[in-house]
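Enquirer: This structure is in structure tokens; I'll ask about it shortly.
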Amino acid sequence: RLQMTFAHQQYSKNITMLANLRTELETLRLSEADLKKMLGRSEKEVARLNRELFEKESKNKQLVEEMKDMAINAVIEVRGTLMKEFRDEQTSKWDVDGDIRLMEELLSSSSPQAETIGQDDEDHDGLDAANLSPIFNE
């Protein structure tokens with residue numbers, strides 16, 4: 001009878017252990033499914049963020065190009081106005097060399113990028129009268 005009680009206790013322990021293992025296995029299966037869902041959501045989020053990053057980088061490039069164009073147009077307009085005023089003797093003296101030195105000082109002290117703006121664009125290296133024609137035809 002003692003052996004039967006011991007065997008019965010072992011059997012009960014094995015049944016309990018088996019039930020616990022089944023519960024743990026089911027929990028792991030659920031966890032795996034949850035992890036797969038989370039991975040899928042994460043992959044979608046990464047794809048969305050990559051698209052957003054690409055759009056923002058594109059917009060940034062566009063804004064930089066617009067800024068360069070605005071700066072070039074401002075330089076052309078101001079330069080044309082100065083030349084027109086000098087030609088029409090509205091300005092009694094124009095220290096061209098002094099203005100060039102001042103411009104170079106301002107460019108070198110403002111930022112390292114300020115000196116390179118427009119240098120990679122061959123279209124804007126030289127300013128000729130054709131670029132200034134709207135100013136002189138007022």
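The values are calculated or read from the model by the stated rules, or taken from the named source; none is laboratory data. No experiment lies behind these values; they were computed from the predicted model shown. Neighbour counts are summed over all protein chains in view; Cβ atoms, including those assigned to glycine, are modelled from backbone coordinates with ideal geometry. When the accessible area is computed, the model is the full protein with side chains, heavy atoms only, and any ligands, DNA or RNA have been set aside. Shrake-Rupley method; radii C 1.70, N 1.55, O 1.52, S 1.80 Å.
Enquirer: Please list, in chain and number order, the residues 5+ apart from T91 or on another chain whose amide H is under 5 Å from its amide H, with Hs placed from the backbone.
Expert: Answer set, sorted by chain and number: F86.
Enquirer: When the Karplus curve 6.51 cos²θ - 1.76 cosθ + 1.60 is applied with θ = phi - 60°, which whole-Hz ³J(HN,Hα) does each residue of the range 68-85 get, with x for Gly and Pro?
Expert: Values, residue by residue: 4, 4, 5, 5, 5, 5, 5, 4, 4, 5, 5, 4, x, 4, 4, 5, 5, 4 Hz.
Enquirer: Output the direction-averaged projected area (hull surface divided by four) of the convex hull of the alpha-carbon atoms of the range 1-95, in nm².
Expert: 11.9
Enquirer: Enumerate by residue number the trypsin sites (Lys or Arg not before Pro) in the range 71-102 meeting two conditions: DSSP loop (anything except H, G, I, E, B), and at most 16 other Cβ atoms within 10 Å of the site's Cβ. Working shown, then result.
Expert: Working: sites: R79, K84, R87, K93, R101; in loops: K93.
Sites meeting the loop and neighbour criteria: K93.
Enquirer: Using a 1.4 Å probe over the heavy atoms of the protein chains, calculate the carbon and sulfur portion of the accessible area of the range 1-107 as a whole percent. Present the calculation step by step, with values, prior to reporting the outcome.
Expert: Details: 5880 of 9810 Å².
That fraction is 60 percent.
Enquirer: Which ³J(HN,Hα) values in Hz, rounded to whole numbers, follow from the phi angles of the range 21-28 under the Karplus curve 6.51 cos²θ - 1.76 cosθ + 1.60, where θ = phi - 60° and Gly and Pro get x?
Expert: 5, 5, 4, 5, 4, 5, 4, 5
Enquirer: Add +1 for every Lys or Arg and -1 for every Asp or Glu among the other residues with Cβ under 13 Å from the Cβ of R48, and state the total.
Expert: Numbers: positive: R41, K44, R51, K56; negative: E43, E45, E52, E55.
The answer is 0.
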